[in-house]
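The values are calculated or read from the model by the stated rules, or taken from the named source; none is laboratory data. Here the structure is a predicted model, which is why all the values come from computation and not from measurement. Cβ sites come from the backbone with ideal geometry, for glycine too, and all protein chains shown count toward neighbours. Just so you know, the surface numbers come from the protein's heavy atoms only, side chains and all, with ligands and any DNA or RNA stripped out. Shrake-Rupley method; radii C 1.70, N 1.55, O 1.52, S 1.80 Å.
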Amino acid sequence: FDLENRRRLDHANRTQLAAQTRALEVERRVGQERERLNTELRLKARELGLLLELSNMLAASTSLTDRLTLALQQVVENLVCADAGLIGLLQGESNALEIQAVTGFINPDPQAEGGRYGPLLTLSQMCVEKARAVCRHEDGGVIVFDLGAVLVGKECWTYHSPTVALALPLLVNGRVIGTLALARGKDGRQPMGLDELSLTAGIARQLGLS
């Protein structure tokens, strides 16, 4: 009789422990989902706030160069993936890329030995020629990708070497009118995530529309 009671008690304890474990697991999953949703909301709020600021800057009654320079500075200040950049627009029938705004470079001379401006300018030219986004990595790898993919730039943010430069086309009705190109210093290099790349793509779309 005592043995049977102990068995029943052990079974009840195991059942209760299993129920508590399941409850804790459900609570953990709910917490993770809540944290994920909160992160998405923060990222979306950040994106919308930045795009609104850019829209206001680009609508100001100043010269195009001044507007683009202010917008570029705002972009670089708000992106983890960049500490310097440029905006270039295609000019007339020649389709020559003319740089309208530059920020963050110690020496914006394309011929400067060991500088970052020249390689970023080359990447910008590749971007407008291919009408696609282009990224360059620390190991020298260059990847061309589409901004319209569901997982934007998966080829870029899953690449094993950190992104050191990124050029995105500025589009109007599917036609390339210029490029937004960003570079990052050695101190801040880390793999670029999907969220950051999606935000950068949104900024390029905003610049194209404006």
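Quick check on region 6-26. Is at least one of its residues out of contact with any helix residue (DSSP H, G or I) (no Cβ under 8 Å at 6 or more places or on another chain) and closer than 28 Å to Val164 by Cβ? Checking region 6-26: not a single residue is out of contact with any helix residue (DSSP H, G or I) (no Cβ under 8 Å at 6 or more places or on another chain) and closer than 28 Å to Val164 by Cβ. Of all the listed residues (Gly88, Gly140, Gly104), the sole one being at pLDDT 85 or above, touching a Gly at 6+ places or on another chain (Cβ under 8 Å) and open to solvent by 20 Å² or more (accessible area, probe 1.4 Å) is Gly104. Scanning region 113-132 for residues that are over 18 Å from Pro162 (Cβ atoms), open to solvent by 40 Å² or more (accessible area, probe 1.4 Å), in a loop (DSSP other than H, G, I, E, B) and modelled with pLDDT of 90 or more turns up at least one hit.
Yes or no: region 98-116 includes at least one residue that is among the small types (Gly, Ala, Ser), in contact (Cβ under 8 Å) with a residue 40 or more places away in the chain and on the phi < 0 side of the Ramachandran plot. The answer is no; no qualifying residue exists.
Just wondering, is there one or more residues in region 68-78 that are part of a strand (DSSP E or B) and in contact (Cβ under 8 Å) with a residue 60 or more places away in the chain? No.
The listed residues are Leu147, Leu166, and the only one of them that is of a type outside the set (Asp, Glu), at pLDDT 85 or above and either assigned to a loop (DSSP other than H, G, I, E, B) or in contact with a Cys (Cβ under 9 Å, 6 or more places away or on another chain) (or both) turns out to be Leu166.
Kindly provide the set of residues from region 173-210 that are modelled with pLDDT under 80 and over 24 Å from Glu138 (Cα atoms), ordered by number. If the condition is that a residue be modelled with pLDDT under 80 and over 24 Å from Glu138 (Cα atoms), then Leu209, Ser210 are the ones that fit.
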